[in-house]
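Engineer: Please find one structure pasted underneath; my questions will follow.
Laboratory data are not the source of any read-out in this text; all were calculated from the coordinates shown. Bear in mind that the values here come from a model prediction, so they are computed numbers and not experimental data. Note that each Cβ is placed from the backbone with ideal geometry, even for glycine, and that neighbours are counted across all protein chains shown.
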């Protein structure tokens, strides 16, 4: 209410003065700005668009015979209450935000989701809660190799736009960038990036961009499909990438037939309806969306949708198969406690945030070591050298998990990183571990020789370290808590 | 005269249809809609601009900024307009919206007096 009153006072001010009319437009826009709780880039664009609208409208009204003051008043009043308009813009923006929240839930489950995907792929007998998957997200390792084969000369004054153009000019890759989308990540395409090197690889550049803008939703990411390199925000890729999976819904249908004595066709249709009505309805093709499809054939339900949707579909099917066999009311006739879809705990969220930071730090260290290797003949012996050389920020060596019991934050095998002729599979060769996370007994951020980073349980790390490709690596691991 | 609810419900269809012919900026879109309907439908700024924002975020529209060239007013030098055009996704969405609207219209015809249309099967 208070905000609306302030809006009216601005409009009234316009009615009281003709000399200050242009300032009134600015006042209205300033007030609108304050009410518009959107990302900065959106706010600037919306303000500019409304200003342009007002200019056009005032001119038309003046041509129709109104004096400037009246025309200005009318144009502003047509826009309505600033608070209402700001609310309209906020609700117009809710479409992706809601999806971002969903993606957040997915990212929050990051490691779990990857493990789930792996489990899904290896499930031989599909059951309601664990679908068989036809296709999984493409492996990154081959793409990294391709990007590492594209080298270019980069000078510190080059902007992101110039660097990306230089990548395209190598004629080895076609590059697709949505600069408007990238701007929402905070990147300014035409400002100097400050990266330099005689032979910097495309992968190093993209990694640097990802590190600088590493927000879990709005951060910058890339995909390489064939020779087409696409650079965009993570949320855009997340919305685009879908997984086709097949669910065996026979057990659910049978329980419905036993319990409710309905027809097979009715039960089948009901399962499809429940899923498409309850789980992000807007995205289903049957509801006019274009993010997810569902077809049921002979007791098999095929779903082509983002991973986060699969998590919910699996949960709904589990509930359907369970619910029809178990009483839904308590002994006193009261509704039983709802079985809520599991959400990450605060501890899990905190661990996830720490893991993301650890992975980001490892990426930065890896990048700095690579640059050192190109610029120096002498081998690197400590992280301190990178900090003193200006390649890492002071404190970059500190783990988000705090110091390990022995006081050291990271262990990095620099020899392994610099040994470019290492034998075996680079993607399996461990060269860096967050020692503090290891000491806590939780999932560990691990850097591989090919530059990719994974979070993994300690048991998996141990398995990797004893594999032949890692025989030369003897990490000085702290004792576990 | 269509109600404001009607306009809100169909505003996306109106905007996508107008932009199917050529790129336009916001104020020009509202004038085009008014012109095509003899002034019977007016997209107010409070409906139009948030809708354009939404369609752009949904990637149904692609926007670009262009400096106003035709204005002779010196004080407006450097003023920019935001132009919108349909993306491929937007064109597909428009086709879906038209098809859906037509089939709904055919169904409705069967219930209206004085028509001999067959209901859609």
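Engineer: Just want the ordering: A:362, A:38, A:257, from fewest to most Cβ atoms lying within 10 Å of their own Cβ.
Structural biologist: Neighbour counts put them in this order, fewest first: A:257, A:38, A:362.
Engineer: With r as the distance between the Cβ atoms of residue A:91 and residue A:467 and R0 = 45 Å, compute the FRET efficiency 1/(1 + (r/R0)^6) and round to 0.05.
Structural biologist: In this case the efficiency is close to 0.25.
Engineer: Taking the Cβ-Cβ separation of residue A:428 and residue A:476 as r and a Förster radius of 22 Å, what is the calculated FRET efficiency to the nearest 0.05?
Structural biologist: Computed FRET efficiency for residue A:428 and residue A:476 comes out at 0.60.
Engineer: Take the Cβ-Cβ distance between residue A:215 and residue A:188 as r, set R0 to 22 Å, and report the resulting FRET efficiency rounded to the nearest 0.05.
Structural biologist: 0.90
Engineer: Peptide B:79-86: average number of partner chain Cβ atoms within 10 Å per residue?
Structural biologist: 3
Engineer: If you find the alpha carbon centre of region A:34-79 and of region A:153-200, how far apart are they in angstrom?
Structural biologist: So the two Cα centres are separated by 36 Å.
Engineer: Across peptide A:41-54, how many C-beta atoms of other chains are within 10 Å of each residue C-beta, on average?
Structural biologist: Neighbouring Cβ atoms belonging to other protein chains average 4 per residue here.
Engineer: Another question, if that's okay. Using 0.36 nm times the number of residues separating residue A:377 and residue A:153, minus their current alpha carbon distance, what extension gain do you get?
Structural biologist: Here the answer is 78.7 nm.
Engineer: Here's another thing I want to ask about it. Can you sort A:247, A:260 from fewest to most other Cβ atoms within 10 Å of each residue's own Cβ?
Structural biologist: Listing A:247, A:260 from fewest to most nearby Cβ atoms yields A:260, A:247.
Engineer: Taking every residue in A:55-61, how many Cβ atoms of other protein chains lie within 10 Å of its Cβ, on average?
Structural biologist: What the average comes to for A:55-61 is 4.
Engineer: Scattering from the C-alpha atoms of region A:345-394 alone, worked out with Debye: what is log10 I(q)/I(0) at q = 0.26 1/Å?
Structural biologist: Ignoring solvent entirely, the Cα scatterers give -0.92.
Engineer: Name all residues of region B:23-52 having a backbone nitrogen under 16 Å from the label point set 7 Å from the Cα of residue B:108 along its Cα→Cβ direction, giving them as ranges.
Structural biologist: B:41
Engineer: Provide the gained length on full extension for the span residue A:406 to residue A:168, in nm with one decimal, where the gain is 0.36 nm per separating residue minus the Cα-Cα distance.
Structural biologist: Taking residue A:406 through residue A:168 to full extension adds about 80.9 nm, to one decimal.
Engineer: Once each part is reduced to its C-alpha centroid, what is the distance from region A:343-362 to region B:1-62 in angstrom?
Structural biologist: 44
Engineer: Follow-up. Only residues of region A:36-51 count here: report those whose backbone N is under 18 Å from the spot 7 Å along Cα→Cβ of residue B:68, or say none.
Structural biologist: What the label zone holds, given the 18 Å backbone N cut-off, is A:45-51.
Engineer: Moving to a separate point now. When a footprinting reagent is the concern and you count Cβ atoms within 10 Å, what order do A:284, A:315 take, fewest first?
Structural biologist: Taking fewest neighbouring Cβ atoms as first place, the list is A:315, A:284.
Engineer: Label-point separation (nm) for residue A:68 and residue B:92, each offset 7 Å from Cα along Cα-to-Cβ?
Structural biologist: 5.0
Engineer: While we're here: What would the Debye formula give as log10 I(q)/I(0) at q = 0.17, 0.19, 0.25 Å⁻¹ for the alpha-carbon point model of region A:162-255, no solvent?
Structural biologist: Evaluating at q = 0.17, 0.19, 0.25 Å⁻¹ gives log10 I(q)/I(0) of -0.77, -0.93, -1.46.
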